[in-house]
Structure formats: structure tokens, C-alpha cells
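Visitor: Structure provided below as C-alpha cells; questions to follow.
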Amino acid sequence: MRRLAALACALLALPAAAFAGDPVPVADFFRPYAFNDARLSPDGKLAAALNRRDAAHQYVSIIDLATGTRTDAMVTAGEAEHFDELQWVSDDTAVFTDYLGKGSHMVAVQWRGQDSKPRVTPWPEGVTFADPQQMDDRRMLVGYGDSLYEVDINGDPRQAEREENRRVKLPGGTVKYLQSGNGRYRIAVTQHADGGHSYWWKAPVSDWIEFKRAAKDETFNPVTLADDGRTLTAVSDLDRDTRALFLYDVAGGGFTRTLLADPERDVTYFRFDWSTRSVTAAGWDAGGSPHYEVLDPAARDATPALAAAFPGMDVAPVNLSRDRKRMLLFVSSDRDPGGYYALDLGTGKAELLGKLMPWLDPAQFTPVQASVLHTDDGFALDYFLAVPTHGAGPYPLVVVPHGGPIGVFDTHGFDSETQLLASRGYAVLKVNYRGSGGSGGKLREAGKHQWGRKIEDDIEAAVHAALKDPRLDGERVCIVGASYGGYSALMSVIRDPALFKCAASYAGVTDLTLMYANTRVQFDRNALDALADVIGDPAKDAETLRAVSPAYLAQKITRPVLIAQGLEDTRVDPEHAYRMKMMLDHYRKPYEFYTYQGEGHGFAGAADEVDFYTRLLTFLGRQIGPAPALAQAP
């Protein structure tokens, strides 16, 4: 495989040192991906991908790997429409989901050769791809209503409404289903009102049999069912703290083999390959760099050469051809958003199919250093520090706590927000505080009922640990976040104004008691219980909740704050922002306030996102800047 190593290195051409030129425009960090969601066809002759040539139009493209010819099969009508969930279902047909407004529907695309236009078959809303039947390349299962139907995926879309095509009636409340490769056995997952799940098994001539239950806080995620009808591959944390990948015996009712496990990390990543009906690779993203365990023998044999071919990069197998002679790779790093390569395992020849953000030059970006903080009560917390390599230090520090707070976590990989701030001369710190995902159930559980308390202790401890780096200026620290991160930013300047010189919040919670008045929550007993489990009881803990709500603590704010809010946010009601504004006005506190019409809990429009970050950079420049002057390239 030496040819592979030499060729891939030539393709990548990583620079040896960071390039310091004119800063990348803000808009370039938030442009939609130019090329993503690539998948290799089962026979390895084609690749399909989603791509853009402008912000308003997204394409589904088919690539003939022998000739390099690219054919557009479908294009969006405008910015309100987008495609996702691209997957091959046979050698010549791929399916994807078309999202338009609040609706969505499945679309099939059939490749009919370079001299013919691909055949496009839109399916009615509510029809979902289940699993390809193995009897031929045309007949496969789709879900519709309470049943599975056998259809020609490129045929009449009304097939899913015909009784003669119905094959299986699903248990009530089914949220997931899969079948064995030979199509004889099936698994269904149903969700209970309290958030727990039941798992069902069905043989050709039997009724559905419930073989397992899991409570709402337990994980048992079926991935694939073997042809024997009883061997299930699943991700689970039952009877252990971290989520691992197992083989489970449906008939015997127990785990039979551990495929991948770590005592400190959750398995958060796995690639199931429809072509080989196997898990190609699995791993975890927490810590200093992603860990991938390559499980498919053909992909595993190529791994050492790939690691040598892409030094300093994360190389993840995406999928293989049925004959395991071709493999699709995704290659990325903390400085590179990544790209897709088609690899011929026989010749060692690799071809770059496309990069997510080809207009960004990794040479202009900042390495991210991963470290671990050990708390007094026994937790090990990952934190990530990016320190600019251009300009003159010491650098001001921007702390960016993630949202959630439960189950969400930051990684070492490329992050547009981090690189934008670093390109302007700011060091950036992110920390996986207690409550974060990726590191086991004990850490996740430890974040419950700790809003404004131990979570903030963790963030402050990470700041103090980072400030031991002589390249950082401890007198110029600001905190910026969205959702829980926005809440944390406001609480931080309340708790420790000596440490934090300013705060910026987008869609941040400001009144914890108001969370229970959200229309998505207040009329749903299970949603109320789930929220109480994370934050606290709205009746018993009302005083405690107000004691850690920024809106009730506005009098204590002595540092400038920036507040921004999407007016269509259904998760954090805009009332949170307006209450904070009202209290800041009442106490005559310094602040900036911006709202975005049509935006929700995150930015859907690139123009609004660019506007927000442009205002944020101006705000940071006034409060902890100016950022160091950017050095010119030598």
C-alpha cells in the first residue's frame, strides 16, 4: 500500500506552518457546505453527493467514478428547500429526503447512464425508506402509516397506498424498524409516553414479540440484524456507565460479544454500510482526537497506510463497495473541515471527490489543543484551547460554553466559530463541563440540577487552568454562548465579574421558571417531568430556580452584555430575551440587544448568522480588544 500513502499525501499537500495573511471574511465561515453526504454505490461504480454551487441551490449529483463525469439529478427551488439523508438502496438508485418548509418527503433517483437523464421519483409525504429487500434491485420496503410496504422504489409512488403491497403491520408507536439482510426477520422500536422504549422481534410467520425494554435514561440502539434473525448489533449502556457497541442475542436475551467499548468514553460514532450490511467503523469523538475502530476487515487492512498517507488528519471510512474493492473516506482535522476521497483498495489510487468548504485554506487556521481538567469530586473534563499563531500575544480569551447542557459535547474537530474568533486574534476555550455527553452516564447525570452552580464551577476552573498559559491575557476574558451557553455567559458575569469582562448570549435562557411556560412543555406531562429532571421542580424549587436566573439577578451585572434572539424560537421563547432587556433597562445596565425575524433556536439564514458574528466581533473588539494586529505572511 505504499502507492496509496504517496498519492494521498500528494493530494492533501498539508502546509508545514500556519499562513498569516488577510483574515478570512466572516461570511466564508458560514457558507453552506459545497460538497457533503457523499456515499459509494453498492457496486462501487458510482458516488452520490449533495453539493452547492451557490447559496440558494443545492444539488443531488451522481459521479461516475470511471470517467469522473458528474450529473445533477435534482436541484432545490430556493433557500427554503434543502436535501438531506442521502443513501444508496441499489446499484443504480439512491434515496434522499427533500425538506420544503415544514414538510418533507422521500425522493428516489435512478442512474440510467451518462447518456440518459436520471429518473426522479418523488414519494408522498409520510413514506419513509425502511430497508432494501435482497430479492432483487427493485423491490424494497418503505414505511407508511402503521405498516411496511414492498414497492418498486422507482415505480408508481401510489404503491404504498395499496393493500396488496402491505407486508408487515408495525406495533403501535413504532419509531424505528429494520430487517435482516434476507428480509425474513424484523425489529421494531416503540416509544412509551414516559420516554422509555420497547423492542420487538418478528419472524415470517409469527406475531411481534417484545424482547426488551429500556427506561428513558437507558440506551439500547439497534443498528443491524443478522440473517440468522437473532444476532443484533446495538449501541447500549445497559448495566454499564458508558455506551458501547455489542452483539445481542434476541432469542437468548443477552449480550454475547463486545465489539467496541471504553470505560471512560461513549461510542458516539458508527458507520452502518447498506452495501455490506455491516458496521464499517465505530468510535468516539470525545478527547484529544477522534478514535476510530475499523471493524470491516478490508477497511482495517488499509488503515495503517491511510494513517501514514494523511498525517495529522482524522481518516474515517464511510462505506465500502459490496465486493470490498472500493472504499469512500472522509478526511478532516481541527484545521480542515474535511473532504471525501474514493479509494481503490487494489491499486491504492485515491481520488478527491470534493471538500466541504473548499474556499477555506487550512494553512490559515489555528491548531486546537486538547487537555483534561480533574475536578475535586472526581470527574475528568475535556477542554479545548485554540491559541492564534499569528499576531502578537498575550491574546485575549473568549470562552464558549456549549448548549444543552445535558448530553451535548464539544470535540477536537474543525469548528467555524472557533476558527473565526482565532483568525481575529482571540484565543478560544471550550469545555465539556459536567452534564456533557460522550464520557458516560455519571458525568451526564452530574449536570442535572446544576444550572448556575457546579456547571459554572467547571467552566471557571477550566478558564483558570487555561490562563496558566503565558500566551493568554487574564485581564481580557469574555464569555460567549448560545442556548445554555448563552445562559452560562450571563451567569458568568454575575458570578465572577473580576474574571469575565463581558458576555454575549444568543437564545440564552434568562428565567428558569419561564421554561415551564413554554407551549411545547406546559401541556405535556412527560415533557414537564423531563424538564424537572434536568432543571428542578417548578413548584418545590421555584426559589432556587429564581436564584440562578439572570433576569432576577440583573442588578448584579456590572459588565457589558450583548443579547441576541431569534423571534421564531420555540425552544427558548423570545420572552427570555425581552425579560432580560426589561431588567437591564430597569437597573440602567450597559447592553446591546438584537433580534432576528424568522430565526429560531439557531440560524437558518446565512445572512443573519453573518450579521450576528459581525456584531459580536465588534462587541469583543470594544470590550477586550483590540485584537492583536494580524501579521503579514513572511
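Visitor: Find which of Val428, Val127, Val189 sits farthest along the positive direction of the dipole of the chain, computed with +1 on the beta-carbon of Lys and Arg, -1 on that of Asp and Glu, about the Cα centre.
Guide: Val428
Visitor: Please report the spacing between the Cα centers of the range 559-576 and the range 438-494 in Å, no decimals.
Guide: Between the Cα centres of the range 559-576 and the range 438-494 lies a distance of 20 Å.
Visitor: Within the range 142-172, which residues have the backbone N less than 19 Å from the label spot 7 Å out from Asp207 along Cα→beta-carbon, could you tell me?
Guide: 146-148, 167-172
Visitor: Which semi-axis lengths, in whole Å and largest first, follow from the square roots of five times the eigenvalues of the Cα gyration tensor of the chain?
Guide: 41, 31, 24
Visitor: Sorted by packing (mean other beta-carbon atoms within 10 Å per residue), highest first, where do 422-433, 544-555 land?
Guide: 422-433, 544-555
Visitor: Suppose a student asked you for the relative contact order of the chain, using Cα pairs under 8 Å spaced at least 6 residues apart; what percent would you report?
Guide: Relative CO of the chain lands at 10 percent.
Visitor: Determine the dipole magnitude for the chain: charges of +1 sit on the beta-carbon of Lys and Arg, -1 on that of Asp and Glu, nothing else is charged, the reference point is the Cα centre, and the result goes in debye to the nearest 20.
Guide: 500
Visitor: Also, I was wondering about something else. Mind putting a number on the dipole of the range 341-430 about its Cα centre? Charges go on the C-beta only, +1 for Lys and Arg and -1 for Asp and Glu, and I need it in Debye to the nearest 20.
Guide: In debye, rounded to 20, the range 341-430 gives about 280.
Visitor: Continuing with the same structure: In Å², and per residue, what accessible area does the chain have when probed at 1.4 Å with the other protein chains present?
Guide: 41
Visitor: Given points 7 Å out from each Cα along the Cα-Cβ axis, report the Glu264 to Val75 separation in nanometres with one decimal.
Guide: Between Glu264 and Val75, the label points sit 5.1 nm apart.
Visitor: Can you work out the FRET efficiency for the pair Asp541 and Tyr587, with r the C-beta to C-beta distance and R0 = 25 Å, to the nearest 0.05?
Guide: 0.50
Visitor: Label the range 169-274 by shape, choosing from rounded, prolate and oblate, from the square roots a ≥ b ≥ c of the eigenvalues of the Cα gyration tensor; if a/c is under 1.5 it is rounded, and otherwise prolate applies when a/b is larger than b/c, oblate when it is not.
Guide: Note, shape of the range 169-274 comes out oblate.
Visitor: On to the next question. Rounded to whole Å, give me the distance from the Cα center of the range 36-66 to that of the range 273-309.
Guide: Value for the Cα centre distance between the two parts: 22 Å.
Visitor: Moving on to the next point. Please report the equivalent ellipsoid semi-axes of the range 537-593, computed as sqrt(5 x eigenvalue) of the Cα gyration tensor, largest first, in whole Å.
Guide: 20, 17, 8
Visitor: Could you tell me whether the range 360-515 comes out rounded, prolate or oblate from its Cα gyration tensor? Rule is a ≥ b ≥ c as square roots of the eigenvalues, rounded for a/c under 1.5, then prolate if a/b exceeds b/c, otherwise oblate.
Guide: Judged from the Cα gyration tensor, the range 360-515 comes out prolate (a/c at least 1.5, a/b above b/c).
Visitor: In degrees, nearest 10, range 0 to 90: what is the angle between the Cα axis of helix 2-12 and the longest Cα principal axis of the chain?
Guide: 50
Visitor: With the cut-off at 21 Å, tell me which of the pairs Lys216/Lys454; Lys430/Lys454; Lys430/Lys468; Lys454/Lys589; Lys448/Lys540 have Cα atoms farther apart than that.
Guide: From the list (Lys216/Lys454; Lys430/Lys454; Lys430/Lys468; Lys454/Lys589; Lys448/Lys540), the Cα-Cα distance tops 21 Å for Lys216/Lys454; Lys454/Lys589.
Visitor: Using the per-residue mean of other Cβ atoms lying within 10 Å as a proxy for protection, in what order, highest first, do the peptides 399-405, 240-246 fall?
Guide: Final packing ranking: 399-405, 240-246.
Visitor: Next question, about the same structure. Would you work out if the range 323-437 is rounded, prolate or oblate? Take a ≥ b ≥ c from the square roots of the eigenvalues of the alpha-carbon gyration tensor; rounded if a/c is under 1.5, else prolate when a/b is larger than b/c, oblate otherwise.
Guide: Because a/c hits 1.5 or more and a/b fails to exceed b/c, the range 323-437 counts as oblate.
Visitor: The range 370-394 to the range 507-540: how many Å between their Cα centroids?
Guide: 33
Visitor: Here is a follow-up. Suppose we keep just the DSSP beta bridges with both residues in the chain; what percent of those would be antiparallel, to 5?
Guide: Antiparallel bridges: around 85 percent, rounded to the nearest 5.
Visitor: Now for a separate question. So, in nm, how far is label Ala308 from label Asp228 when the simple model puts each one 7 Å beyond its Cα toward the Cβ?
Guide: With each label point 7 Å from Cα toward Cβ, the separation is 3.8 nm.
Visitor: Of the listed peptides 436-442, 213-219, 187-193, what is their order by residue-averaged count of other C-beta atoms within 10 Å, with the highest listed first?
Guide: Going by the mean number of other Cβ atoms within 10 Å, highest first, we get 436-442, 187-193, 213-219.
The values are calculated or read from the model by the stated rules, or taken from the named source; none is laboratory data. As the structure is a prediction and not an experimental result, all values here were calculated from the model. All Cβ positions, even for glycine, are placed from backbone atoms using ideal geometry, and neighbour counts span all protein chains on display. What goes into the accessible areas is simple: the full protein's heavy atoms, side chains included, and nothing from ligands, DNA or RNA. Shrake-Rupley method; radii C 1.70, N 1.55, O 1.52, S 1.80 Å.
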